[in-house]
Amino acid sequence: MAVASALIGMLVLFFMGTPVAFALLMSTLLYFVVEGSEPMVLLVQRMTGGLSAVSLLAVPFFIMAGVFMNRSGIATRLLNLAGLLTRRMHGGLAQANVMLSVLMGGLSGSNIADSAMSAKLLVPRMTEQRYPVGFSSAVTAASSLITSTIPPAIAMIVYGYVNNVSIGRLFMAGVIPGVIMAMLLMVAVNLIARRRGFQLPQREPVPKGQWLSITRAGLLALVLPVLVIGGIRFGLFTPTEAGAMAVLYSLFVGVFVYRELRPTTIAQATRESMLASVNVLFIICVASAFARFLTWEGIPQQMTELLSEHVSGPIAFLLLANLLLLAIGMFLEGNAILIVLSPLLAPVAAEFGIDPVHFGIIFIINASIGTITPPMGTVMFTTCSITGAGIGTFIREVLPFWGVMLVVLLLVTFFPALALTLPNLMF
Amino acid sequence: AETVIRVSYGNQPGEPIDLAVRQWATWVEEESGGDLVLRPFPASQLGNETEITEQARFGSAVIGISAYSNFFDVAPDLSVIDAPYIADSFEAKARIFDSDWFQAQSAALVEQGYRIVVPWVAYGERQLLSNREVRTPEDLRGVRIRVQNSPMYVAALRSMNAVPTPMSLGDVYPALAQGMIDGVENPIPVLHGGRFEEVVKRLSLTRHMQTTAPFVTGEEFWQRLTPEQRRILSETGARMAEYANRLIEERSEADLERMRDAGVEIIEVDLAPFRSRAREMIPSAFPQWSDPGLFDLMLEITSNDQPRPEEDPS
Amino acid sequence: MTTDGIVLSPRTGWLDALLRVDELLASVALFALFLVAICNVFMRYFMSMPLAWAEEVLQLLMLWTTMLGASALVRRNEHVMISIVSDRLPPRLAKWNTRIFNVGVTLICAAVMLVWGLKLLPFAAMRSTPMLNIPFYWVHLAIPVAGALMLIHSLRNLISPPVVDPLAAVAPGLIADLPPRVHAGPDIDPRS
Ligand code: NA
Ligand code: NA
């Protein structure tokens, strides 16, 4: 009864435009009022407890590194590199959009940030080349999901924290699925561009000097993912420390190499990172209070029993989980799903003998597909509000890419090796 | 109506503590005729130990496993129970919980709003797993050993001459594999559970601590229970502790064999120098204690040659 | 008042400057988090002396960053939300929708954080952090302080409803250098 009113309250508030964090807090409050026997201080205590793990610090650090890199002009440099790599393809700028997400993937942990950046930088150029704005927005949104699959990724940090899974292993596990996602998206873009006659390949040669300078400027940014992954792999840093090192590196590059960071820009960038990180952290904080009361009521245990009794095996369970998450992902915000639902499903997965890292990647891809699916698609909103594309057109144009994501999801579901080979090799 | 009490602990399902708590729940249900229900929550699902004891103090219907050093701010003297080398076996350590000193301490804890439901279960004897052949304190000079972030554990490892490195247990495996730390200390089942023997192969039987853990609730909630309910909880709780102790002992022996089979070198340690260092260094690390002689008092209680008073044969 | 080219709300004056203290403190705390984390890495590698207190300080700073930052987000109306319903309502109704479901709910939550946050404080006296012995008072205090600030911000938002800018909410910082989009006033749907 108390749980039901909390859940219904949460959905109603979401749709009426209450900020996600306060909708969660208010519905937890509702639980306390209806339930009536537990002291309300518990709720407030849980809000401080929700942030008590240092591993969560990786969230603000990787956001900070991304913002600092952006502020120091890395995005335009990477865009030049992406343009260079894709110029001979059909639909060059659309391919560059995908490629840019791959390159940014190693710097940024947030698909919202990536879609905002691509929408701002690339979609106007694509419009100049007569791509329909709906298609440009769809490519931008879909390709940004690569960023949250290739490490570092906010979603992996949160998943690792909530379910006590090694964040380092999750990071490794995302690499191959992220690359597959990128390749399949590029194939899809190629087919669509040929059929609809978008931008033809550019054949005229690029001067060697320009080639070199673009590559050199871009490579500086690509050192960062090597530093992060390598540092974690060789035990130099924990993922949290790797985040701090990434900030240090981006500060160094911004101040001494690109020379675009000044004390005032650093202050502004810090404030921007703070606002963006807090938006995630505060949801984590409240959602963990919400999740705690589901646990308190024994919902995860009941769910585990229900699922393990009625589902016949790991494959059936994974397919069911995929369906469930896709459906819920349409209505809930990504981080809230991770915190509220993953502790419900991860123990069932463990019971079926599914590797927690493998399940984590499946979960994260699922949650990220939800971000480009109406009605509650955060990435969809971000992209469309920047490009001005209508949601209706967006949905039509994103369908083929949505299909690609589904294929990636099924591939990762049925071939655990895609996720597990790298972490098993490296640790 | 039935009273539901949530029992919270950090151990994973299937571990001895989990099995024991589930058994406890059955006994409580039988004895109370379903009037009192214990609901087990393993794996810290409801929060960590400090959060749970705080919740108990709010008046929540919860019993949590804890450690006596967690009460450092309200009853600093109790932390001496977690000090290294105050006993040489659980049998000796049990004498502390029968002593007048402990009775006075638990009364003081009631004043602060906490109620001890089960004074102790044997959590396990702590040993040292590392990449060094540790036989004497000299062998630990400059060696980085992971400890939990708690002053008593930091002081304990310092007294053993190691460099205590606080870190969460989840980070230990990669940290050991990559040489960020040299070793880790814990009861053997925990060491085996973390598969740490895959990366460091020397187990020194330092026996530095016979870790005991109490089950604690809040005094406010305790007073809401009927005397009959309190009696049932205490009596079945004592039975649960015995059951848990037996399971844990069996598990420790089995896991030691498993480690040996996995190629771990088992090293006997000369305990005398460790003991004298602990006795010398631990009291000065805790100026908050009411009496620096507390450590010696524990030695006196545990080395008491008198046999323990017979336990209630329930 | 313009920040980085985004016109947030038409408020200016000393009171607004004062009420922006949460944003300033949270930003400073975030930078301090970065510095402590870096220090810890360097101490471990170059001095072989990991900072035993680092973890506690990081936790404390992270909580304060989050709570003060969340309060700043209330003032800026930049918490993540969906605006499908209010986007489809006529402006008059949309205004009431915002008042009730955005500002109103936030107001209740802020009040709860303030009242029960204060009730939590006496309990905090029973606990301190393990290495530095910082009383938990300083940890839990973040909640009622943020609650009080959020309460003030949302009361002000109730009197003059905030501009709903879902874009700023999903990606603050990343859209900072977009060309300025001037909102005519708080009562007009910015996306119309
Ligand atoms: Na992109
Ligand atoms: Na990434």
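Along its principal axes, the range A:4-43 has C-alpha extents of 30, 18, 8 angstrom, given from the largest down.
What the phi angles of the range B:279-292 give under the Karplus curve with 6.51, -1.76 and 1.60, with θ = phi - 60°, is a coupling list of 4, 7, 9, 5, x, 6, 7, 10, x, 6, 5, 5, 8, x Hz, glycine and proline written as x. Neighbouring Cβ atoms from other chains, within 10 Å of the Cβ of residues in A:60-71, number 3 on average.
Relative to the compact-globule estimate of 2.2 N^0.38 Å, the Cα radius of gyration of the range A:127-227 comes out at 1.40. Looking at the range B:97-151, the trypsin sites (Lys or Arg not before Pro) that sit in a DSSP loop and have at most 13 other Cβ atoms within 10 Å of their own Cβ are B:ARG141.
Determine the sum of side-chain charges near A:ILE214: Lys and Arg each +1, Asp and Glu each -1, restricted to other residues whose C-beta is under 13 angstrom from that of A:ILE214. Neighbour charge sum, excluding A:ILE214 itself: +4. Here the contact order of the range A:39-426, divided by its residue count and restricted to Cα pairs under 8 Å and six or more residues apart, works out to 27 percent. Principal semi-axes of the equivalent ellipsoid, √(5λ) from the alpha carbon gyration tensor of chain B, are 33, 22, 18 Å from largest down. In plain terms, chain B is cut at each of the GluC sites (Glu not before Pro) found in a DSSP loop with at most 15 other Cβ atoms within 10 Å, and the longest leftover piece is B:134-309.
Working note: 222 nm ellipticity from helices only, DSSP H runs with n ≥ 4, each -39,500 (n - 2.57), summed and divided by the residues of chain B, gives -13500 deg cm²/dmol to the nearest 500. Diagonalising the gyration tensor over the Cα atoms of the protein assembly as shown and scaling each eigenvalue by 5 before taking the square root yields semi-axes of 50, 31, 26 Å, largest first. Take each residue of peptide B:286-298, count the partner chain Cβ atoms within 10 Å of its Cβ, and average: the result is 0. In the context of the full protein assembly, B:ASP139 retains an accessible surface of approximately 60 Å², using a probe radius of 1.4 Å and ignoring ligands and nucleic acids. Ranked by the mean number of other Cβ atoms within 10 Å per residue, highest first, peptides B:92-99, A:366-373, C:106-113 order as A:366-373, C:106-113, B:92-99. The figure for C:VAL41 is an accessible area of roughly 10 square angstrom, using a 1.4 Å probe on the protein chains alone. GNM remark for chain A: springs join alpha carbons under 10 Å apart, and the peak mean-square fluctuation among A:ALA287, A:ALA138, A:ALA267 falls on A:ALA267. Relative to the Cα centre, the charge distribution of chain B, modelled as +1 at Lys and Arg Cβ and -1 at Asp and Glu Cβ, gives a dipole magnitude of about 840 debye. Simple spin-label estimate for A:GLU309 and C:ASP87 gives 4.3 nm between the two label positions (7 Å along the Cα-to-Cβ direction from each Cα). For the range B:235-297 and the range C:54-109, write down the distance between their C-alpha centroids in whole Å. About 50 Å separates the Cα centre of the range B:235-297 from the one of the range C:54-109.
Electrostatic tally near B:GLY142: other residues with Cβ closer than 13 Å to its Cβ, Lys and Arg +1, Asp and Glu -1, net +1. About its Cα centre, the range A:39-426 has a charge dipole of approximately 1500 debye under the convention of +1 per Lys or Arg Cβ and -1 per Asp or Glu Cβ, with nothing else charged.
Rounded to two decimals, the Cα radius of gyration of the range A:39-426 over 2.2 N^0.38 Å is 0.97. Considering only A:SER144, A:SER273, A:SER37, the Gaussian network model of chain A with Cα springs below 10 Å gives its largest mean-square fluctuation to A:SER37.
Under 5 Å between amide hydrogens, built in the peptide plane, is the criterion, and for B:VAL117 it picks out B:PHE215, B:VAL216, B:THR217 among residues at least 5 positions away or on other chains.
Dividing the convex hull volume of the alpha carbon atoms of the range B:1-97 by its residue count gives 128 Å³ per residue.
Computed over chain B with a Gaussian network model linking Cα atoms closer than 10 Å, the most mobile of B:THR211, B:THR302, B:THR26 is B:THR26.
Rolling a 1.4 Å probe over the protein chains gives A:LEU85 an accessible area of about 80 Å².
Computed on the Cα trace of the range A:253-324, the radius of gyration divided by the Kirkwood hydrodynamic radius gives Rg/Rh = 1.35. The tail of the calculated P(r) for the range B:156-302, taken as Cα-Cα distances beyond 27 Å, holds 44 percent of the pairs.
Distance between the C-alpha centres of the range B:69-112 and the range A:327-377: 45 Å, rounded to the whole angstrom.
The values are calculated or read from the model by the stated rules, or taken from the named source; none is laboratory data. It should be emphasised that the depicted structure is a prediction, and the values quoted were computed from it without experimental measurement. We place every Cβ from the backbone using ideal geometry, glycine too, and count neighbours over all the protein chains shown. Side chains are part of the model used for accessible areas, which takes the heavy atoms of the whole protein and leaves out ligands, DNA and RNA. Shrake-Rupley method; radii C 1.70, N 1.55, O 1.52, S 1.80 Å.
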